[in-house]
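Here the structure is laid out as structure tokens; the discussion comes afterwards.
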Amino acid sequence: MTEQPAASTTLTKTGAPADAAPGPAEVDARTALTALRDEIGKAVVGQDAAVTGLVVALLCGGHVLLEGVPGVAKTLLVRTLSTALSLQTKRIQFTPDLMPGDVTGSLVYDARTAEFSFQPGPVFTNLLLADEINRTPPKTQASLLEAMEERQVTVDGEPRPLPEPFLVAATQNPVEYEGTYPLPEAQLDRFLLKLVLPLPNRDQEYQVLARHAAGFDPRDLAAAGVRPVAGPAHLAAAREEIAKVTVAPEVLAYIVDLCRATRQSPSLSIGVSPRGATALLGTSRAWAWLAGRDYVTPDDVKALALPTLRHRIQLRAEAEMEGTTADSVIQAVLSQTPAPR
């Protein structure tokens, strides 16, 4: 996430409110997962919000679209996260000539047995880094749809389940359009969050250079001291706890009102669908759990509204020409929609 919660919520270094007191049954999973920020900070500087967004996506079983100019540590962030979580990760560099079988796997003829056998593609992993996903044609982009939605790959009529947990972290460059294939709305809607990675401020950039001057090698995370601090068992335990997080009827109504307001915005041709409302509910519950609470507040919804909804709306051409952005529309909806007290 590039956004922070409302001003009334003070975050500690681990992302939980300073006054939060986790219960004894939850302390192991929550402590392990909130410790990720410190661990990833050994390799990545200034992207705490994106780290939290990736953790929220893992807790919700969703996928993430990472957007940022080259050189803001998108790839390093995903690699470091997988190391700190003890998850298997694979990377696909999407190019115009990449074929669907290069992603999902294909049947290969074995001359010794005179039979075809399935050779799994890189999608069979826990954390798939789809680098520059908008550089490959729609046919190859679509090869990920079944994997993202159904957690399986069907080849030759036989479904093959993917490992659990499974997350696609796709990256794209927001300023390069030549030779790219923009993701269609249907595929964008499959991503739980769209996280925008900003350029670092001066102090953060100085820290990056100081680390490199001291010998930091981004290809050697072990030398940087990155160690596993959580794992799949912590994610599974956390998901069970998140399912118990309560949402008051007033907060549910607030989520509905926000999403319906986007459909009435004169700046948009497409507003947030019911799937988007469901996604906002899920991410708000995960955020509340990370914050040490067993209930969702309107501030939780506001904190997750931008990363959860920004890629699910479509601007009218005239609004885009006037300089309107998806974020500004959602911010306006948040300011105009009364929140429950």
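The values are calculated or read from the model by the stated rules, or taken from the named source; none is laboratory data. These numbers were taken from a predicted model, which means no experiment stands behind them. Counting neighbours? That spans all protein chains shown, and the Cβs are built from the backbone with ideal geometry, glycine included. Note: accessible area is taken over every heavy atom of the protein model, side chains too, but ligands, DNA and RNA are not part of it. Shrake-Rupley method; radii C 1.70, N 1.55, O 1.52, S 1.80 Å.
Tallying residues that are crowded, with 16+ Cβ neighbours inside 10 Å and either farther than 19 Å from Ser82 by Cα or among the polar types (S, T, N, Q) (or both) within region 118-131 yields 2. Inspection of region 39-52 finds no residue satisfying the criterion of being among the polar types (S, T, N, Q), at negative phi and surrounded by fewer than 23 Cβ atoms within 10 Å (Cβ to Cβ). Looking at region 305-312, can you tell me whether even one residue there is part of a helix (DSSP H, G or I), touching a strand residue (DSSP E or B) at 6+ places or on another chain (Cβ under 7 Å) and crowded, with 24+ Cβ neighbours inside 10 Å? Within region 305-312, one or more residues are part of a helix (DSSP H, G or I), touching a strand residue (DSSP E or B) at 6+ places or on another chain (Cβ under 7 Å) and crowded, with 24+ Cβ neighbours inside 10 Å.
Tell me which residues, restricted to region 60-76, are in a helix (DSSP H, G or I), surrounded by fewer than 24 Cβ atoms within 10 Å (Cβ to Cβ) and not hydroxyl-bearing (Ser, Thr, Tyr). Listed by number, the residues that qualify are Cys60, Leu76. For Pro122, the conditions (1) assigned to a strand (DSSP E or B); (2) at pLDDT 90 or above are fulfilled apart from (1). Of all the criteria given as (1) without any contact (Cβ under 8 Å) to a residue 60 or more places away in the chain; (2) farther than 23 Å from Ala339 by Cα, the one not satisfied by Ala224 is (1).
Whenever a residue of region 172-189 is at pLDDT 85 or above, its partners that are open to solvent by 60 Å² or more (accessible area, probe 1.4 Å) and of a type in the set (D, E, K, R), lying with C-beta atoms within less than 8 angstrom and at least six residues away or across chains, give the pairs Asp189/Arg275. Filter region 94-119 down to the residues that are modelled with pLDDT under 90 and of a type in the set (Phe, Trp, Tyr) and list them by number. Scanning region 94-119 gives Tyr109, Phe116, Phe118. Restricted to region 170-189, and to residues there that are in contact with a Pro (Cβ under 8 Å, 6 or more places away or on another chain) and surrounded by 14 or more Cβ atoms within 10 Å (Cβ to Cβ), the residue that is nearest to Gly62 (Cα to Cα) is Asn173. Number of residues in region 180-211 that are of a type in the set (Gly, Ala, Ser) and closer than 20 Å to Arg312 by Cα equals 1. Being more than 24 Å from Leu58 (Cα to Cα), assigned to a strand (DSSP E or B), of a type outside the set (Asp, Glu) and in contact with a Leu (Cβ under 8 Å, 6 or more places away or on another chain) holds for only one residue in Ser106, Ser117, and it is Ser117.
When we screen Leu197, Leu167, Leu192, Leu162 for residues that are touching a Cys at 6+ places or on another chain (Cβ under 7 Å), open to solvent by less than 40 Å² (accessible area, probe 1.4 Å) and modelled with pLDDT of 90 or more, the only hit is Leu192.
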